[in-house]
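Here the structure comes first, spelled out in structure tokens, and everything after it is commentary.
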Amino acid sequence: MTPESETAERLRDCFGAVADGVRPSPDAYERALSQWRRRERRRRLAGVLLAALLVAGADGVGLWALNQSAPSGPVVFDGPAPAVAP
Amino acid sequence: MMSAGREVSAGPGGAATAGPMKIPNWLGLRDVERETAVTALFDQHYPGLVRMAVLLGAGVDAEDVVAEAFYELYRRWPRLRDPLAAPSYLRSVVCNLTRMRLRHLQVVRRHPDQPTVDIGSAEQEVVLREDQSEVIAALQTLPNRQRQALVLRYWLDLKEAEVAASMGISCGAVKAHTSRGMAALTRILTERR
């Protein structure tokens with residue numbers, strides 16, 4: 001047996017012994033599930049808040065732009081209205 | 001949306017998911033399907049991944065690392081191309097998170113003014129024979145990448161390509177890490193005799 005293959009054997013034996021001694025906690029699933037749901041809810045809430053902020057911002061910019069135009073002037077287009085055929 | 005207070009039997013069984021669980025109102029049908037799929041994977045792979053995280057050096061944080069990996073899978077489930085790739089993805093996330101944890105601990109150790117956290121290794125809690133303890137001590141002296149390559153190769157018996165996918169490196173790099181790790185380990189163990 002070469003030194004490297006002996007080391008490999010010892011390594012496997014040692015990994016097996018350590019792994020056999022590890023016992024995951026029995027409530028791991030409940031904790032993980034509640035964490036998934038809590039973080040997912042928070043993520044969705046953050047998304048909704050961001051969308052609401054963007055819409056409110058766009059509304060604000062639009063209202064500000066409308067408020068800047070002269071009361072008698074055209075609101076959207078500057079040029080004269082195109083002639084419409086009867 | 002589904003009705004309030006729904007109850008389903010979770011997953012394919014196993015102690016971890018025993019008993020019905022309530023599904024909150026805000027979860028849609030797709031979310032329930034995703035939860036069921038991830039729950040099945042949790043039942044199947046959680047214990048093995050915790051053991052892998054311990055062997056990689058995650059210590060007492062092993063369960064947190066694996067739980068975080070499952071959350072990453074849960075979050076990215078709709079973007080997963082093939083559900084069969086999920087175990088490989090989980091292994092890869094556990095490897096990365098463990099490496100980040102070890103790197104963080106190295107940084108903390110470099111700043112002795114900061115209060116050190118008790119990072120008792122789960123390996124220390126397991127009763128090992130003297131020769132096994134020697135191997136563990138030698139393993140802890142190896143760089144993270146070499147240790148990861150050895151764990152994935154010799155404990156999980158993964159092929160080089162699978163190790164490479166889990167570690168996010170090339171097959172050549174896996175070969176180099178494995179052979180260097182084995183050489184260093186052999187040298188240390190021979191010197192200690």
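The values are calculated or read from the model by the stated rules, or taken from the named source; none is laboratory data. Predicted model only: the values in this text are computed from it and were never measured. When we count neighbours, we look across all protein chains shown, and the Cβ atoms used for this are built from the backbone with ideal geometry, even at glycine.
If only residues of region B:126-182 that are among the β-branched types (V, I, T) and within 14 Å of the chain's Cα centre (by Cα) are counted, the one that is surrounded by the most Cβ atoms within 10 Å (Cβ to Cβ) is B:V151. For region B:149-172, which positions are touching a helix residue (DSSP H, G or I) at 6+ places or on another chain (Cβ under 8 Å), without any contact (Cβ under 8 Å) to a residue 60 or more places away in the chain and farther than 15 Å from B:N96 by Cβ? Within region B:149-172, B:L150, B:R153, B:Y154, B:L158, B:E160, B:A161, B:S170, B:C171 meet the criteria.
For the residues B:G48, B:G28, B:G57, the requirement of being crowded, with 20+ Cβ neighbours inside 10 Å and not charged (D, E, K, R) singles out B:G57. Filter region A:17-29 for residues that are over 14 Å from B:V38 (Cβ atoms) and either more than 7 Å from every other protein chain (Cβ to nearest Cβ) or not β-branched (V, I, T) (or both) and give the result. Residues satisfying the conditions are A:A17, A:A19, A:D20, A:G21, A:R23, A:P24, A:S25, A:P26, A:D27.
Mind listing just one residue for me: the one in region A:23-73 that is among the aromatic types (F, W, Y) and at pLDDT 90 or above and, of those, farthest from the chain's Cα centre (by Cα)? In this case the residue turns out to be A:W64.
Taken over region B:138-168, the residue count meeting the criterion of being more than 11 Å from chain A (Cβ to nearest Cβ) and under 18 Å from B:A86 (Cα atoms) is 10. For region A:39-49, the set of residues classified as more than 7 Å from every other protein chain (Cβ to nearest Cβ), more than 12 Å from B:R75 (Cβ to Cβ) and surrounded by 11 or more Cβ atoms within 10 Å (Cβ to Cβ) consists of A:L45 only. Of all residues in region A:1-16, which are more than 7 Å from every other protein chain (Cβ to nearest Cβ) and of a type in the set (A, V, I, L, M)? Listed by number, the list holds a single entry, A:M1. Checking the stated criteria, A:V18 turns out to be surrounded by 10 or more Cβ atoms within 10 Å (Cβ to Cβ) and in contact with a helix residue (DSSP H, G or I) (Cβ under 6 Å, 6 or more places away or on another chain).
To keep it simple, each residue is scored yes or no on (1) within 11 Å of chain A (Cβ to nearest Cβ); (2) buried (at least 17 other Cβ atoms within 10 Å of the Cβ); (3) of a type in the set (S, T, N, Q).
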| position | (1), (2), (3) |
| --- | --- |
| B:A37 | no, yes, no |
| B:A67 | yes, yes, no |
| B:L73 | yes, yes, no |
| B:W77 | yes, yes, no |
| B:P83 | no, no, no |
| B:S88 | no, no, yes |
| B:R99 | no, yes, no |
| B:L102 | no, yes, no |
| B:R109 | no, no, no |
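One line per residue, one yes/no per condition, for (1) at pLDDT 90 or above; (2) within 9 Å of chain A (Cβ to nearest Cβ); (3) at negative phi:
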{"site": "B:G28", "(1), (2), (3)": "no, no, yes"}
{"site": "B:V32", "(1), (2), (3)": "no, no, yes"}
{"site": "B:F42", "(1), (2), (3)": "yes, yes, yes"}
{"site": "B:H45", "(1), (2), (3)": "yes, no, yes"}
{"site": "B:L55", "(1), (2), (3)": "yes, yes, yes"}
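The number of residues in region B:20-70 being of a type outside the set (D, E, K, R), in contact (Cβ under 8 Å) with a residue 12 or more places away in the chain and farther than 18 Å from B:V93 by Cβ comes to 11.
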